[in-house]
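What follows draws every value from the coordinates through simple rules; no lab data is involved. These numbers come from a predicted model, not from an experiment. All Cβ positions, glycine included, derive from the backbone under ideal geometry; neighbour counts span all protein chains shown.
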Amino acid sequence: MGIKAVIFDLNGIVLTSELLSDRMNRDYEVNSNDFIEALKEIMPILRVPNAPGCFEIFEPYLIKWDTSLDEGYFLDYWFSGEEINQEVMDLIKKLKKKGIKVFILSNNFKERVAYYKENFKEMLNNFDGVYFSFETGFVKPDHKAFENILEKNGLSANECLYFDDSSKNVVSAKGLGIEAFEYTNLKEAKKIMKKELKLGLFF
């Protein structure tokens, strides 16, 4: 049947950044482990439809850490630290030229996505579809997140490659029969694509 589509997680692959916990430690002396623990509590709340505002959830932590960051500054500080991985985008454009559909499947929240749509609009337009959990209601590693993208695009699991930097999301995708791989770097991802796509013309 062959591979018809490649699905990517967004953050850590297409968009890269220094860890926010490390930045907050360097710039505001917030303990990195404390920040990571807070993220573990906060992100599941933000990634679903009709979630509270991001700053509303973060503010009590920022007060506890004795930082005087208002909403506009904090969100811009966070999101502006991200940048497009141009090498990955060049690969995505080549895949599309070869007739391969390319999608984003991301656990993400409304304020961050609004920033992306304003500042990375051209990047997002390169994809055949972009699926964010706060819009779909399906949060990885739930199988429904993957099933949704397959159903909406008339794809079978064995027609897709999936790359994610989270091992639990990779395991979930594999459980549906998707050829899924944990993303470590672009070189290794290209090796996988060369083998699985059997194109080999642009690697």
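Quick notes on this one:
- Loop sites here are GluC sites (Glu not before Pro) outside DSSP states H, G, I, E and B with no more than 16 other Cβ atoms within 10 Å. The longest part of the chain free of them is 30-203.
- Cleavage-rule hits (trypsin sites (Lys or Arg not before Pro)) in region 105-203: DSSP loop, at most 12 neighbouring Cβ within 10 angstrom: 198
- Taking the Cα centre of the chain as origin and assigning +1 to Lys and Arg Cβ atoms and -1 to Asp and Glu Cβ atoms, the resulting dipole is close to 1500 debye.
- Classification of region 143-203 by its C-alpha gyration tensor yields an oblate form. The axis ratio a/c (a ≥ b ≥ c) is 1.5 or more, and b/c is at least a/b.
- Sorted by Cβ neighbour density within 10 Å, fewest at the top, the residues 90, 164: 90, 164
- Site pair residue 148 and residue 22 shows an inter-label distance of 3.1 nm when each label is modelled 7 Å from Cα along Cα→Cβ.
- Ellipticity at 222 nm from helices only: DSSP H runs of n ≥ 4 in the chain, each -39500 (n - 2.57), divided by the residue count, give -15000 deg cm²/dmol.
- Each of 160, 54 was scored by other Cβ atoms within 10 Å of its Cβ. Arranged with the fewest first, they read 54, 160.
- Lysines whose Cα lies under 18 Å from that of residue 168, excluding same-chain neighbours fewer than 8 positions away: 40, 140, 144
- Base-10 log of normalised Debye intensity for region 65-203 (one unit scatterer per alpha-carbon) at q = 0.09 Å⁻¹: -0.31
- Hits among aspartates and glutamates - C-alpha to C-alpha of residue 94 under 19 Å, sequence gap 8 or more where chains match: 9, 122, 128, 159, 188, 196
- Global geometry of region 20-79, whether rounded, prolate or oblate, following the gyration tensor of its Cα atoms and the 1.5 cut on a/c: prolate
- Between residue 34 and residue 96, residue separation times 0.36 nm minus the direct Cα-Cα distance comes to 18.2 nm.
- Dipole of region 1-77, positive end: most advanced residue of 72, 19, 49 [Cβ charges, Cα centre]: 49
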